[in-house]
1. Take the cross-link list Lys105/Lys142; Lys105/Lys182; Lys54/Lys105; Lys105/Lys128; Lys54/Lys86; Lys223/Lys245 and give me the ones stretching past 18 Å between alpha-carbons.
2. Per the 1.4 Å probe, what fraction of the accessible area of segment 107-184, in percent, lies on carbon and sulfur atoms?
3. Rolling a 1.4 angstrom probe over the protein chains, ignoring ligands and nucleic acids, what is the accessible area of Glu127 in square angstrom, nearest 10?
4. Could you work out the local net charge near Ser156, counting Lys and Arg as +1, Asp and Glu as -1, over the other residues with Cβ closer than 11 Å to its Cβ?
5. Work out, step by step, the length gained on full extension between Phe195 and Asp67: first 0.36 nm times the residue separation, then minus their alpha carbon distance; give nm to one decimal.
6. Within segment 90-117, which residues have the backbone N less than 16 Å from the label spot 7 Å out from Glu166 along Cα→beta-carbon, could you tell me?
7. Check each of the trypsin sites (Lys or Arg not before Pro) in segment 172-263 and keep only those in coil by DSSP with at most 13 other C-beta atoms within 10 angstrom; list them in order.
8. Kirkwood-based Rg over Rh for segment 169-247 (C-alpha set), two decimals?
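The values are calculated or read from the model by the stated rules, or taken from the named source; none is laboratory data. Model, not experiment: these values are computed from the prediction. Using ideal geometry, Cβ is built from the backbone for each residue, glycine included, and neighbour counts are taken over all protein chains shown. Heavy atoms of the whole protein, side chains included, go into the accessibility calculation; ligands, DNA and RNA do not. Shrake-Rupley method; radii C 1.70, N 1.55, O 1.52, S 1.80 Å.
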Amino acid sequence: SSGINAEWPLRPGDGGKLTPRTTIPYHNEHDDELYTDHIIYGSKKRLRSLYKGKVYNKEQLSQHGSDSSQPWVAVLGHIFDVTTGKRIYANNGAYNFFSGRDGSKAYSTGDFSDAGLTDDLSGMAKEKIGEIYTWINTFQSKYPLIGRLEGPFFDSTGSPTQTWREIEESLLELGEEEERLKKVHLRFPSCNSHFDSNNNAGEVWCTKKSGGVTRNWVGVPRKFHLPGRRVRCACVQERDLNDPKLQPYPDCPASSTSCNFNV
């Protein structure tokens with residue numbers, strides 16, 4: 001999870017959860033003058049707004065640090081005027097170190113040293129980049145987006161660099177993966193569970209609402225092995241019991257809606 005807390009709750013559909021074909025939301029209530037009408041680009045025929053807003057360099061951004069009367073913050077090359085949040089981003093504010101720079105990496109790592117407050121995301125997993133991306137949505141819901149920063153993500157004209165294109169593809173992959181996992185969870189909802197640490201024993205059981213999935217069936221508990229994920233208990237319908245990713249709990253009746261286990 002991110003190393004810092006959001007200043008305000010993320011709006012539904014914004015931070016935290018990605019959806020297929022997720023890209024930066026190019027319009028909000030503050031930045032209608034930054035973009036032209038949508039155009040089509042690329043082999044995938046995705047819609048894109050052509051950027052016509054301002055582009056700043058790092059020296060210009062640094063003039064709007066925590067001691068400025070108008071602090072700016074940049075995330076993934078997107079610059080926000082956070083003047084209305086000066087209590088947070090001005091001197092003595094909780095996040096004053098973000099002002100006047102693009103400290104994108106720190107939004108995921110929580111490393112607020114000068115070395116950690118960097119826009120160099122080399123080697124970061126796409127899941128971590130996804131965490132950083134949610135902060136753009138957070139800022140967009142509160143502050144004006146005033147321009148782009150010349151650097152790793154955008155060039156001197158404000159056009160996306162190859163690094164930004166790769167970030168977009170990572171976000172797309174994350175969104176598709178999240179949708180896939182959502183479908184898996186609906187088919188194999190999690191069990192209710194209780195664990196007694198004193199006896200290293202526990203119980204798992206299924207109901208029509210276990211796993212937060214309201215349904216018209218109960219299911220039986222099975223160990224669920226999804227590649228790349230931690231083994232968990234899933235409630236399984238009879239039609240899916242032969243799925244190779246499932247294993248029964250030892251000494252638990254096959255049709256029982258609850259099972260005891262020992263660690």
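1. Lys105/Lys142; Lys105/Lys182; Lys54/Lys105; Lys54/Lys86
2. Details: 1580 of 3290 Å².
It is 48 percent, rounded to a whole number.
3. Answer for Glu127: close to 100 Å² accessible.
4. Cβ neighbours under 11 Å give a net charge of -1.
5. On the way: separation 128, 0.36 × 128 = 46.08 nm, distance 5.16 nm.
Extending this stretch completely gives an extra 40.9 nm.
6. 105
7. Those satisfying the criteria are Lys208, Lys209, Arg229, Arg230.
8. 1.03
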